[in-house]
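Presented below is the structure to which this report refers.
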Amino acid sequence: MKRLRLETHIRNFINGHYHEPINGMRVDLIEPATGKVYGSRPESSAADVNLAVRAAEEAFPAWSSCGINTRYAIMNRMADLITANSELLVEAESMDNGKPRSLARLVDIPRAEDNIRFFATAIRHDASEAYNMEMGAINYTLRQPIGVVGCISPWNLPLYLFTWKIAPALASGNCVIAKPSEITPLTASLLAQIAAEAGLPHGVLNIIHGSGPAAGQPIIEHPKIKAISFTGGTATGKRIAATAAPMFKKLSLELGGKNPNLIFADSDLEKAIKTTLKSSFANQGQICLCGSRIFIERSIYDEFKERFVKKVAAMTVGDPKDEASNLGALVSEPHLEKVLSYVQLAKDEGGTILTGGERVQFKGDLAGGYFMRPTVIEGLPHTARVNCEEIFGPVVSLIPFDTEEDAIMMANATEYGLSSTVWTSDVSRAHRVADQLHAGIVWVNCWLLRDLRTPFGGVKSSGVGREGGYEALRFFTEPKNVCIKY
Ligand code: NAP
């Protein structure tokens, strides 16, 4: 199995070839753990997107009609190449994003491989519906690929989310124009090598690098790109919807969150605390599914607080390469500043910082890195800005509640509705609360336990549409009903 080359002079991948951006513009890439430049990427424009769309259009007839077994075989080879090069991908993801290598090894890279294999296999089990009519007619539904589609992903789980979109799009027979986040393009550029090596025909997957306004917006605006799968912030999602909706594009928008954890007095507190540490601070709190508002039943509030804060204070912030690091660096300096500004806001709003709250300044190689202590706040009402706005960093807030109704009311009191976590040993309560939470995903006595067959997405300002399993295959196909009278 071929070894990939780690190239830090990143280029676009169009029609099976590597290209400099047509405008010649490049931007430096910075390693979050050191603050130092490690490479550069294209700042592409509409001209590169146009070139990619032409290639994708040409590739579409053959790719959409080559048959599921061919697509299955090529995509499985892509998954095999991820497995064969997993350690290189782990190192690249960690260097680019700042996340601990241990996390990339456990979550990001295995999941990228799984995304591709899952959808490669899913198309072999897919079926469409048929409806017989008593008057002597039968309807059946064809699900046909859309054509050229756009996939745009954020920086927090770079290869994981990039492949989560690209895999169902390709498996369904579409050709893809994909843009990773401008600040974490490294593993996406390795995916180009993987596609080429696996024998994906030229033009089927095109990867354009660049910022949202310069390279992302032309993807949204391009009239030949018929569907957009986007994951990112709610403000960007609104902008994308405003551009794409009047063009009647299909849209899947996976957006921000401000997820609640509800911890009832009847829960297994040891398990709840252990998992809440992860749901609060995994990937430096930069996972859309992290729980940042922790509601605790008042009778156990003090005990939870004492035990939780002690464990948070003992977490290790350090070199992402170091196996002992629980948290690595935040993704960029502006993002670190944004997160720290919310700690200041918490103080201004009258909150108390129980632990953390400050930047970590290392010496030596890591002196310029964007590190921060995991932070726990208390004493703010559920309506405070800190408890309503998405911070997307290692900052959580503790809030006591008295009744189940109060907990549900406060959990639902934000504009977001992505995921929720409930801790209880009362089965009836688990069902009752899950039913009433405004969220696309509810975890009970667990967190981030993912079955790729399940629908994934949010309600309210957390998004429109669902990814995962057949939902994703349906998004990337157009249903056509055929009615035959016999
Ligand atoms: P972002 O700023 O919205 O960017 C996401 C992607 O969109 C990036 O590739 C970005 O390019 C691109 N983009 C920006 N403006 C665009 C435009 N006008 N047209 C087309 N593309 C454009 O989000 P982020 O800061 O990277 O990621 C963090 C956010 O993602 C958080 O809000 C988090 O909750 C959310 N998220 C949601 C989920 C979910 O499944 N619901 C999962 C992960 C993350 P640039 O590279 O220039 O930014």
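Determine the share of segment 259-452's accessible area contributed by carbon and sulfur atoms, expressed in whole percent, with a 1.4 angstrom probe.
C and S fraction of accessible area: 50 percent.
Students sometimes get this wrong: rank Phe392, Phe476 by accessible area, probe 1.4 Å, all chains present, largest first.
Phe392, Phe476
Straight-line reach from Lys258: which aspartates and glutamates have Cα under 12 Å away, leaving out those fewer than 8 places along the same chain?
Glu389, Glu390, Glu415
Taking the full set of protein chains and a 1.4 angstrom probe, give the accessible area of Arg429 in square angstrom, rounded to the nearest 10.
Roll a 1.4 Å probe over it and Arg429 shows about 40 Å².
Mind scanning Lys36/Lys274; Lys310/Lys460; Lys99/Lys165; Lys165/Lys311 and naming the pairs with a C-alpha gap bigger than 29 Å?
With Cα atoms farther than 29 Å apart: Lys36/Lys274; Lys310/Lys460; Lys165/Lys311.
Work out from phi, with θ = phi - 60° and the Karplus expression 6.51 cos²θ - 1.76 cosθ + 1.60, the ³J(HN,Hα) of each residue of segment 375-383, listed in order in whole Hz, and give x for Gly and Pro.
Values, residue by residue: 10, 10, 10, 9, x, 10, x, 5, 8 Hz.
When you have a sec, figure out the Kirkwood radius of the chain from all distinct Cα pair distances and drop it here in Å to one decimal?
23.3 Å
Compute the long axis of helix 234-244 from its Cα atoms, compare it with the longest principal axis of the Cα atoms of the chain, and write down the angle in degrees, 0 to 90, nearest 10.
The angle comes out near 20 degrees.
Going out from 0 in 10 Å bins, what whole percent of all Cα-Cα distances in segment 259-452 drops into each bin?
9, 39, 36, 14, 2, 0
Distance from the Cα centre of segment 261-283 to that of segment 113-129, in angstrom?
Cα centroid of segment 261-283 versus Cα centroid of segment 113-129: 33 Å apart.
Just how far, in whole angstrom, is segment 182-243 from segment 143-177 if you go by their alpha carbon centroids?
8 Å
Name the long-range amide H neighbours of Met372: under 5 Å, sequence gap of 5 or more, or other chain; modelled H, no Pro or chain starts.
Leu330, Val360
Per residue, how much accessible area does segment 33-121 have with a 1.4 Å probe, in Å²?
Here the per-residue accessible area is 35 Å².
Residue-wise, which Karplus ³J(HN,Hα) couplings in Hz belong to segment 167-172, taking 6.51 cos²θ - 1.76 cosθ + 1.60, θ = phi - 60°, and x for glycine or proline?
4, x, 5, 5, 4, 7
Scan around Ile296 for amide H atoms under 5 Å from its own, H built in the peptide plane at 1.01 Å from N, and keep only partners 5 or more places away or cross-chain.
Ile263, Ile399, Phe401
Ranked highest first by average number of other Cβ atoms within 10 Å, how do 48-55, 128-135, 238-245, 8-15 line up?
In descending order of packing, they fall as 48-55, 8-15, 238-245, 128-135.
Can you give the relative contact order of the chain as a percent, counting alpha carbon pairs under 8 Å and 6+ residues apart?
19 percent
At a 1.4 Å probe, what is the % contribution of carbon and sulfur to the accessible area of segment 209-250?
About 67 percent, which is the carbon plus sulfur part of the accessible surface.
5 Å is the cut-off here: which amide hydrogens, built 1.01 Å from N in the peptide plane, fall below it relative to Glu478, excluding neighbours closer than 5 in sequence?
For Glu478, whose amide H was placed from the backbone, the distant partners under 5 Å are Gln144, Ile146.
Just the accessible area per residue of segment 259-452, please: how many Å² with a 1.4 Å probe?
Heavy-atom accessible area per residue stands at 40 Å².
Which whole-percent values make up P(r) of segment 364-462 when all C-alpha to C-alpha distances are grouped in 10 Å steps starting at zero?
13, 39, 32, 11, 4, 0
Considering only DSSP beta bridges with both partners in the chain, what is the antiparallel share in %, to the nearest 5?
Counting DSSP beta bridges with both partners in the chain, the antiparallel share is about 45 percent.
The values are calculated or read from the model by the stated rules, or taken from the named source; none is laboratory data. Computed from a prediction, not measured in an experiment: that's the story for all the values here. Please note: Cβ atoms are built from the backbone with ideal geometry, for glycine as well, and neighbour counts cover all protein chains shown. Remember, those area values only see protein heavy atoms, side chains included, never the ligands or the DNA or RNA. Shrake-Rupley method; radii C 1.70, N 1.55, O 1.52, S 1.80 Å.
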